[in-house]
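Beneath this line is the structure, given in structure tokens, with notes to follow.
The values are calculated or read from the model by the stated rules, or taken from the named source; none is laboratory data. Please read all numbers here as calculations on a predicted model, not as lab measurements. Methodologically, a virtual Cβ is constructed for each residue, glycine included, from the backbone with ideal geometry; neighbour enumeration extends over all protein chains shown.
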Amino acid sequence: MTEKQILISAGEASSDMYAARLVTALRERVGKDVRFFGMGGPRMAEAGVELIADYHEVAVVGIAEVLHKIPTVIGVQNRLKREAKRRNAALAILVDSPGTHLGVARRMKQIGVPVGYFIGPQIWAWRAGRVRIVKRRVNRMVVIFPFEEQIYRDAGVPVNFVGHPLVDVVRPSMTRAEFAAMHKLEANRPIVTILPGSRPNEIRQNYGRILGACERLKRDNGDIQFVLAVAPNLAADFFSACAGSGPEIKHVTGATYNALAAADCAIVASGTATIEAALLGTPMVVIYRVSPVSAFILGRMIRTPFFSMVNLIAGRGVVREMIQDDFTPEAVQSEVRGLLDLSSARDEMKANLADVRAKLGPGGAIERAADIFAQML
């Protein structure tokens, strides 16, 4: 039997994880006579994908920040097109990252390769006109948030909602007491976990203000302990340049779920991490900041009442969002202190987060997505 070639592409760390799991699930469905190639990172490489490009080539946050990346992105798109044509690819599976992947989808259409898209563009939040581009270029959209399915269907895009892939993987591997003992913390004292982002440029925007909030919180309550969940893609000494004379912050790497599960409250950069905190039922405040130029542009494009995925899924303000100028050390201090001081506030937020968790669907999202893409073959 002739070996089938499948292009699969991920543009950032979380997508790399989803795509790697998708490759494993697809192999179980289509057999061994298939070869995967494309763009991704270490997870996809471990899953046996031949990497034509590394996702770090295209990963960036912010409108202004992306401008200098445009030539690199176009180069990657063309590279993937050449390889797909040379290998006579049977299918292209694109995961998230519409800034890169809608361009890849156009190139796949040019050479007659059908496109399946997993985790689609957030057309409900901004740039709604992209749905027309999706309709022209994508054969099947597979979405992970419940409200997305109707939006794409109304636009005439073939679509399936499969649930969120994190539902299967977000769970702690140890108790709060075990986590505290491992990292020399005291389980009977408050723990605040910090997730400032996973990309260097977003962390540089967020972390200084978080440190300011931690200093204020420590002055309020000397018992508070701080844990920084370091993204595994960052160098071990990345945060040393940011360290000031503030309170002691315990750094942990590769233990994000345990650090969140052990926390009384978390300070979380808007993004996938808010979904992880919600799945663990951890009360949180959501923060984010981009460059002033990006903020100016985005402020005129975003058309949703909320910024964080948790609130968008809930359809109401479940967690406090502090975005751009609203994100100050004083505001973070006030909100975290309110959650730490009032068990009723924490309990109410946990109940609301449980509702969010229920809306993310049952486990098995990756397997359902693999079923759909296998049928496309």
Exercise. Can you pull out the residues in region 212-222 that are under 15 Å from M322 (Cβ atoms) and surrounded by fewer than 23 Cβ atoms within 10 Å (Cβ to Cβ)?
Worked result: G212, R216
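Here is a yes/no grid of residues against (1) closer than 29 Å to E149 by Cα; (2) in contact with a Ser or Thr (Cβ under 6 Å, 6 or more places away or on another chain); (3) not in a strand (DSSP E or B); (4) not aliphatic (A, V, I, L, M):
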| residue | (1), (2), (3), (4) |
| --- | --- |
| L26 | yes, no, yes, no |
| F37 | yes, no, no, yes |
| R43 | yes, no, yes, yes |
| I52 | no, no, no, no |
| A59 | yes, no, yes, no |
| T72 | no, no, yes, yes |
| G75 | no, no, yes, yes |
| I93 | yes, no, no, no |
| G112 | yes, no, yes, yes |
Exercise. Pick from region 193-211 the residues that are among the basic types (K, R) and part of a helix (DSSP H, G or I): which of them is surrounded by the most Cβ atoms within 10 Å (Cβ to Cβ)?
Worked result: R209
Problem set entry | Of the criteria (1) more than 19 Å from M284 (Cα to Cα); (2) in contact (Cβ under 8 Å) with a residue 40 or more places away in the chain; (3) of a type in the set (D, E, K, R), which one K250 fails | (1)
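Considering every residue within region 82-91, establish whether at least one is assigned by TED's automatic domain parsing to the domain that holds R137, in a strand (DSSP E or B) and crowded, with 18+ Cβ neighbours inside 10 Å. So that I can check it myself, show each step before the final result.
Of region 82-91, the ones assigned by TED's automatic domain parsing to the domain that holds R137 are 82-91.
When the remaining residues are screened for being in a strand (DSSP E or B), the result is 91.
From what is left, the residues that are crowded, with 18+ Cβ neighbours inside 10 Å are 91.
Among the residues of region 82-91, at least one is assigned by TED's automatic domain parsing to the domain that holds R137, in a strand (DSSP E or B) and crowded, with 18+ Cβ neighbours inside 10 Å, which makes the answer yes.
Looking only at region 67-82, decide whether some residue is small (G, A, S) and under 24 Å from G197 (Cβ atoms).
Keep residues of region 67-82 that are small (G, A, S), which gives 75.
With the extra rule that they be under 24 Å from G197 (Cβ atoms), the set shrinks to none.
No, region 67-82 contains no residue that is small (G, A, S) and under 24 Å from G197 (Cβ atoms).
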For this session: Considering only region 99-117, state which residues are in contact (Cβ under 8 Å) with a residue 24 or more places away in the chain and either over 18 Å from G75 (Cβ atoms) or in contact with a Gly (Cβ under 7 Å, 6 or more places away or on another chain) (or both).
Result: T100, H101, K109, V113, P114, V115, G116, Y117
Problem set entry | Members of region 217-239 that are in contact (Cβ under 8 Å) with a residue 60 or more places away in the chain and assigned to a helix (DSSP H, G or I) | L217, D220
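In the list I111, I93, which residue meets the criterion of being modelled with pLDDT of 95 or more and touching a Phe, Trp or Tyr at 6+ places or on another chain (Cβ under 7 Å)?
Criteria check complete, one pass: I93.
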For this session: Please state which of the following conditions M44 fails to meet, knowing it meets all the rest: (1) over 23 Å from G163 (Cα atoms); (2) surrounded by 15 or more Cβ atoms within 10 Å (Cβ to Cβ).
Result: (1)
For this session: Taking the options L234, L217, name whichever one is over 17 Å from D341 (Cα atoms) and touching a helix residue (DSSP H, G or I) at 6+ places or on another chain (Cβ under 8 Å).
Result: L234
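Does region 168-185 hold any residues that are within 22 Å of the chain's Cα centre (by Cα) and buried (at least 19 other Cβ atoms within 10 Å of the Cβ), and which are they? Spell out the reasoning first.
Start the filter on region 168-185 by keeping residues that are within 22 Å of the chain's Cα centre (by Cα), which leaves 168-173.
Correct list: V170 only.
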For this session: Go through region 127-164 and give me each residue that's in contact (Cβ under 8 Å) with a residue 60 or more places away in the chain, out of contact with any strand residue (DSSP E or B) (no Cβ under 9 Å at 6 or more places or on another chain) and buried (at least 16 other Cβ atoms within 10 Å of the Cβ).
Result: G163, H164
Seminar exercise, completed: Contact list, first residue from region 191-216 and without any contact (Cβ under 8 Å) to a residue 40 or more places away in the chain, second anywhere and assigned to a helix (DSSP H, G or I), beta-carbon distance below 6 Å, six or more apart or interchain, is Y207/C242
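Residues of region 143-192 being part of a helix (DSSP H, G or I), of a type outside the set (S, T, Y) and farther than 21 Å from I224 by Cβ, which ones?
Filtering region 143-192 for residues part of a helix (DSSP H, G or I) gives 148-154, 165-168, 176-182.
Applying the additional criterion that residues be of a type outside the set (S, T, Y) yields 148-151, 153-154, 165-168, 176-182.
Across region 143-192, the qualifying residues are E148, E149, Q150, I151, R153, D154, P165, L166, V167, D168.
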Exercise. Touching a Ser or Thr at 6+ places or on another chain (Cβ under 9 Å), surrounded by fewer than 17 Cβ atoms within 10 Å (Cβ to Cβ) and among the aliphatic types (A, V, I, L, M): does that describe A235?
Worked result: no
Exercise. P247: in the same structural domain as R346 (by TED's automatic domain parsing), over 16 Å from the mean Cα position of the chain (by Cα) and part of a loop (DSSP other than H, G, I, E, B), yes or no?
Worked result: yes
Exercise. Can you find a residue in region 63-81 that is at pLDDT 95 or above, hydrophobic (A, V, I, L, M, F, W, C) and within 13 Å of S9 (Cα to Cα)?
Worked result: yes
